[in-house]
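Peer 1: Right, I'll just put the structure down here and ask away after.
No lab work stands behind these numbers, since they all come straight from the coordinates. Please read all numbers here as calculations on a predicted model, not as lab measurements. Quick reminder, even Gly has a Cβ in these numbers, built from the backbone with ideal geometry, and neighbours come from all protein chains shown.
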Amino acid sequence: MEDEKITLDRKTFQVLSSGTRITILKSLDERRKMLAELSKELKMSPSTIKEHMDSLKKSGLVEMKDDGHKWKYYELTRKGRGVLHPEYTRIWIILSLSGLAILVTAYDMITGFAGQVVSPLMKSGGEEVLTEMTTPAAAPATLAQLPYIHIIGLVAFSMVFAAALGFYLGTRKKPGPLAW
């Protein structure tokens with residue numbers, strides 16, 4: 001997922017200064033809705049809700065989806081979700097960095113470990129070393145050379161990744177029923 005900066009200009013701040021518009025954003029955070037649903041939910045006339053929706057659309061917080069059917073739905077844009085949930089951006093950064101750290105540590109561990117096994121083969125150039133190193137008695141000796149710092153790093157980065165993923169999944173809103 002590409003990180004997108006959420007820029008709040010003067011116009012967006014003016015749009016967010018209305019309590020009704022913030023209530024509309026929170027309602028659309030649950031699921032996409034039609035104008036009539038929002039009007040009924042907020043106990044306001046459809047024309048009043050339409051004016052608020054136009055302001056939200058101009059600021060890029062909401063978009064109207066026309067699927068070619070009779071009904072037109074309004075839903076949050078990425079910018080709208082970012083305004084309501086800024087913590088998700090931080091979580092995605094943590095997930096990305098810890099995932100990258102896991103991959104780099106695993107790569108370094110594998111290439112370093114492979115170098116310890118392959119370099120004696122290259123030096124001797126003979127099959128006798130290959131047969132000696134592939135015997136079960138020689139295998140524990142090569143595994144004992146595995147650097148513990150890599151194992152500790154993998155475990156630590158995996159724990160950070162799991163904690164961030166658990167936090168994200170735990171705080172994510174459950175999708176509401178589909179509006180048909």
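Peer 1: Expressed in nm to one decimal, what extension gain is obtained for the pair Asp54 and Val104 from 0.36 nm per residue of sequence separation less their Cα-Cα distance? Display every interim value, and only then the final one.
Peer 2: On the way: separation 50, 0.36 × 50 = 18.00 nm, distance 4.72 nm.
Full extension from Asp54 to Val104 adds 13.3 nm.
Peer 1: Let me ask something else about it. Quick one: check the C-alpha center-to-center distance for segment 8-44 versus segment 53-90, whole angstrom.
Peer 2: Segment 8-44 and segment 53-90 have Cα centres separated by 10 Å.
Peer 1: Still on this structure, I have one more. Which residue, Ile49, Leu38, Thr12, has the largest displacement toward the positive end of the dipole of segment 10-84 when charges sit on each Cβ (Lys, Arg +1; Asp, Glu -1)?
Peer 2: With unit charges placed on the Cβ atoms, the residue in question is Thr12.
Peer 1: Could you tell me the relative contact order of segment 10-84? Use alpha-carbon pairs under 8 Å, at least six residues apart, and round to a whole percent.
Peer 2: Values: 79 pairs, mean separation 25.5, N = 75.
Relative contact order here is 34 percent.
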